[in-house]
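The values are calculated or read from the model by the stated rules, or taken from the named source; none is laboratory data. These numbers come from a predicted model, not from an experiment. Cβ coordinates were reconstructed from backbone atoms using ideal geometry, including for glycine residues, and neighbour counts include every protein chain displayed.
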Amino acid sequence: MRNHLCIIVFICCLFACGDDVVPKPKAYLRLEYPEAKYEAANLDLPFTFEINNLATEVTLKSVKASTKSYGINLEYPALKGTIFLTYKSVENSKENLNDFLRDAQNFTQKHTIKADEIPVASYENTERNVYGALAEVKGNVASPAQFYVTDSVNHFLTGSLYFYAKPNYDSILPAAHYLQKDIRHIMETIRWK
């Protein structure tokens, strides 16, 4: 009787498993953002640049009137993110500029605790005297991109990207890439006055 039971169980197992088990492929969100349309930012600043029309709220704050410092917030409500820009005039030439560069680089380096990788791409446009760098901070960090540009004599602009969400690299990656293109465009269209 025991042999018959084993044979019946064996036959049932053979016929019960008709199809091969195929694992489901990983699903990816399909997020589509509108094609970027840029126009000149009409702000009373010592420089000009172009911004994406998706940045619906642009806030300009005078940080220190005596040192000609400004804060500019480019808010993207549809992406739940903001690009924060800070402009500072270079007062004491090399000494002041070195402090600004050190601060910008230290700000990026503070993310090394949580970052998986921080590739930095330098930027240079000798025709318009714009020199700088863009750091893409990969991982679950508060700010996935920071940059700075300067003319090395009078102007220094730094910026960082933040989202209104808990840092989750996989979730914000499509929006981060979209806004990093906007950051590159800002860097490429800067013109000092």
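Tell me the residue from VAL22, VAL63 that is surrounded by fewer than 11 Cβ atoms within 10 Å (Cβ to Cβ) and either over 27 Å from PHE156 (Cβ atoms) or modelled with pLDDT under 70 (or both), please.
On inspection, the qualifying residue turns out to be VAL22.
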### Query
What about VAL153, is it exposed (fewer than 13 other Cβ atoms within 10 Å of the Cβ), over 18 Å from the mean Cα position of the chain (by Cα) and among the hydrophobic types (A, V, I, L, M, F, W, C)?
yes
### Task
Give me a count of the residues in segment 97-150 that are assigned to a helix (DSSP H, G or I) and modelled with pLDDT under 85.
6
### segment 58-80 residues that are on the phi > 0 side of the Ramachandran plot, paired with ones that are modelled with pLDDT of 80 or more (beta carbon under 6 Å, 6 or more apart)
LYS68/SER89; LYS80/PHE163; LYS80/TYR164
### Message
Condition first: assigned to a strand (DSSP E or B), surrounded by fewer than 21 Cβ atoms within 10 Å (Cβ to Cβ) and small (Gly, Ala, Ser). Now tell me which residues in segment 72-94 satisfy that.
### Response
SER89
